[in-house]
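Computed from the coordinates by the stated procedures, all read-outs in this text should not be read as laboratory data. Keep in mind it's a predicted model, so treat the numbers as computed, not measured. Note that each Cβ is placed from the backbone with ideal geometry, even for glycine, and that neighbours are counted across all protein chains shown.
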Amino acid sequence: MTVLHGDVAWWWPYVFIVLAGWLPTDVWRWAGVALGGRLDETSRWMVLVRCVATALVAAVIGNLVVYPQGPLGDLPVALRIGALAAGFAAYLLAGKRMIAGILTAEAALFAGVLLSGA
Amino acid sequence: MTSSYSPETLETGDPSQPGPRWFLRGVRTAISLPGLLLCGAFIGFAAIARDTGLTLVEAVFMTAIIWALPAQIVLLGAMASGASLPAAAIAVTLTSVRLMPMVVSIVPEMRARGTRPWVLYLLSHFVAVTSWVLAMDRFRHVPRDRRTAFYGGIGATLVSGMLLVLAVVYGTAAVLPPMLAAGLVFLTPSYFLFSLWSSARERASHAAMLAGMVLGPLLHPLLPGFDLLAAGIIAGLGAFGLHLASERRGQGG
């Protein structure tokens, strides 16, 4: 039984979102305002914080591509990874332009489906 | 007229224009390519939320009060996999740490003489990658004491625009052809990858990203509910180790 699919009170998902989502997120924003300008952004401690936070979001990216929900999951995993890699290469080649990366990744995904004859 | 602005800020805007005018300029600034890309990511989020079993009202509520897409995806994953509330809260806490340095760097840009603290605390809720990138890019064209109004315009536009996108897509995602729906969901990881890579400051963050992208999926079947946490800590510490090693090498040679 989970928060989403179990037999729980209608308000429980909202309490879950507030306590496990809103509070742990906005607390960092408030800390940022409180510290604003007084924190040395180049300190080692901040580098460590950025590394862990970045790696965690990167793990989210990896899971979204390898274990997606819904129709994206019906496509071959190699195609999903390959399309993101192609988009990443295009993004770097285009001088870190997001639009180039996103268009290439999407084009590669569609091309892969058409070529594999779905 | 005396000026309290720091000399290095280039001010091309007219400070005599009232706050509401600058709020509207913020609105116009938000309607941009980064804003459009964010739409793509939220279209993906709407489809993911729907497939995971979140109701539209829950998805809208979550977006309005969290306003950080990676945190929302992490929370959604935790809710779907049956993680306990403390485990979900810890994962979201670690995901959202990245917001603190962003707020730390934007607040000195936004604070003018006489800016009340509660205004800054309120506006800090809007800080996420897209609004941060837009604001840091445009602030030098905005008079210092109008920047809070300007940023309010950017933030309010992005939030209300994405809530609208969410409502529309949630209702139509079911009738989309599967290939199109797959392409829309694919927008979210693409947007995360490129925006995160662009905003990374040091090489260690890039190393952390590559390691995290590989470790996340590897640990997912091994540590259900704790995969993100473990991947973030292991990959983050590893990248930090590389950072320290390269620092030492830099000092030695």
Item to check | chain A, helix-only ellipticity at 222 nm - DSSP H runs n ≥ 4, -39,500 (n - 2.57), divided by all residues, nearest 500 | outcome: -21500 deg cm²/dmol
Item to check | Residue with peak Gaussian network fluctuation, chain B [Cα springs, cutoff 10 Å], from B:185, B:104, B:129 | outcome: B:104
Next on the checklist: Given the DSSP H assignment, sum -39500 (n - 2.57) over each helix run of at least 4 residues in chain B and divide by its residue total; what's the result at 222 nm in deg cm²/dmol, nearest 500?
Outcome noted: -24500 deg cm²/dmol
Checklist outcome for this item: In whole Hz, the Karplus estimates of ³J(HN,Hα) for the range B:153-170 (6.51, -1.76, 1.60; θ = phi - 60°; x where Gly or Pro) are x, 4, x, 4, 5, 4, 4, 5, x, 6, 5, 5, 4, 4, 4, 5, 5, 4
Checklist entry - How many partner chain Cβ atoms sit within 10 Å of a residue's Cβ in peptide B:68-77, on average, as a whole number? => result 6
Item to check | Sorted largest first, extent of the range B:200-252 alpha carbons per principal axis (Å) | outcome: 42, 17, 12
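Pairwise over distinct Cα atoms, reciprocal of the mean inverse distance: report the Kirkwood radius of the range B:74-220 in Å, one decimal place.
Working: mean 1/r = 0.0554 Å⁻¹.
It is 18.0 Å.
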Next on the checklist: If I model a spin label at residue B:222 and residue A:43 as a point 7 Å from the Cα along the Cα→Cβ vector, what separation in nanometres do I get?
Outcome noted: 3.3 nm
Checklist outcome for this item: Using eta = 1.567 mPa s and T = 4 °C, Stokes-Einstein with Kirkwood Rh from Cα pairs puts D for the range B:148-253, in µm² s⁻¹, at 75 µm²/s
Checklist entry - Using a Gaussian network for chain B with springs between C-alpha atoms less than 10 Å apart, which of these wobbles most: B:66, B:43, B:154? => result B:66
Checklist entry - For the range A:19-99, taking Cα atoms only, what is the radius of gyration to one decimal and the Dmax to the nearest whole Å? => result 17.6, 49
Checklist entry - Residues of B:108-120, mean number of Cβ from any other protein chain within 10 Å of their own Cβ, rounded to a whole number? => result 2
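For residue B:245 and residue B:176 in the same chain, what is the full-extension length gain: residue separation times 0.36 nm, less their Cα-Cα distance, in nm? Before the final figure, lay out the partial values.
Working: separation 69, 0.36 × 69 = 24.84 nm, distance 5.04 nm.
This chain segment gains 19.8 nm when fully extended.
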Item to check | From the C-alpha gyration tensor of chain B, square roots of 5λ in Å | outcome: 33, 27, 16
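Tell me, what does the Kirkwood hydrodynamic radius of the protein assembly as shown come to in angstroms if you use every pair of distinct C-alpha atoms?
That comes to 21.2 Å for the protein assembly as shown.
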